[in-house]
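Encoded as structure tokens, the structure appears first; notes follow it.
Nothing in this text is a laboratory measurement; each read-out follows from the coordinates by a stated rule. This structure is a prediction, so every number in the text was calculated from the model and none was measured. Quick reminder, even Gly has a Cβ in these numbers, built from the backbone with ideal geometry, and neighbours come from all protein chains shown.
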Amino acid sequence: MYDDDPGADLEALYTARLDADLEMAEMAATADRIHRLRTKGICTHQSWVGYLPKPVHEPQKQLTPGQVACTDMCRRVFASEDDLIADAEEHLL
């Protein structure tokens with residue numbers, strides 16, 4: 001391939017657009033899956049806060065170091081960020 005090959009530039013643009021289209025389709029499918037789960041009353045923990053010594057948000061006041069709290073539908077407290085993510089992935093994967 002040559003540096004001055006206009007076909008290579010067009011192919012690169014086409015490939016980048018295709019990659020973006022595939023990424024958007026994947027994000028839309030994930031959003032649809034989350035919406036279906038929420039409709040069934042299943043929380044996927046899309047919003048959460050962690051412990052802070054000086055709490056900023058109300059749910060942080062009940063947390064101890066290492067804990068995180070879902071601020072989405074369920075408001076559950078998890079022992080760690082890993083526990084919250086594992087619970088979310090159980091529904092999403």
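Which value, in debye to the nearest 20, gives the size of the charge dipole of the chain about its Cα centre, when Lys and Arg are +1 and Asp and Glu are -1 at the Cβ? Write out the running numbers ahead of the final one.
Values: 9 positive and 18 negative charges, 245 e Å.
Its charge dipole is roughly 1180 debye.
Would you please put 48-56, 63-71, 22-30, 76-84 in order of how densely packed they are, using the mean number of other Cβ atoms within 10 angstrom per residue and starting with the highest?
Numbers: 48-56: 12.6, 63-71: 16.4, 22-30: 10.2, 76-84: 14.8.
Ranked by mean Cβ neighbours within 10 Å, highest first: 63-71, 76-84, 48-56, 22-30.
Would you compute, from DSSP H runs of 4+ residues alone, the mean residue ellipticity of the chain at 222 nm, taking -39500 (n - 2.57) per run and dividing by the full residue count, rounded to the nearest 500?
Values: 2 runs with 46 residues, N = 93.
One gets -17500 deg cm²/dmol as the mean residue ellipticity at 222 nm.
When 1/r is averaged over all different Cα pairs and the result inverted, which Kirkwood radius in Å belongs to region 43-93? Present the calculation step by step, with values, prior to reporting the outcome.
Details: mean 1/r = 0.0923 Å⁻¹.
So the Kirkwood estimate lands at 10.8 Å.
If every alpha-carbon in the chain counts as one equal scatterer, what log10 I(q)/I(0) does Debye give at q = 0.17 1/Å?
Ignoring solvent entirely, the Cα scatterers give -0.78.
Would you mind calculating the gained length between ASP19 and LEU93 on full extension (0.36 nm times residue separation, minus the Cα-Cα distance), in nm to one decimal? The partial results should precede the final answer.
Working: separation 74, 0.36 × 74 = 26.64 nm, distance 2.18 nm.
The span from ASP19 to LEU93 would gain 24.5 nm if fully extended.
For ARG36 and GLU81, FRET efficiency with R0 = 30 Å and r from the beta-carbon atoms, rounded to 0.05? Walk me through the numbers on the way to the answer.
Working: r = 25 Å, r/R0 = 0.83.
According to the calculation, E is roughly 0.75.
Each label point is 7 Å from the Cα along the Cα-to-Cβ direction; what then is the distance between the points at ASP9 and ALA28, in nm?
Spacing of the two 7 Å Cα→Cβ label points: 3.0 nm.
Kindly express, to the nearest 10 degrees and within the range 0 to 90, the angle between helix 81-92's C-alpha long axis and the longest C-alpha principal axis of the chain.
60
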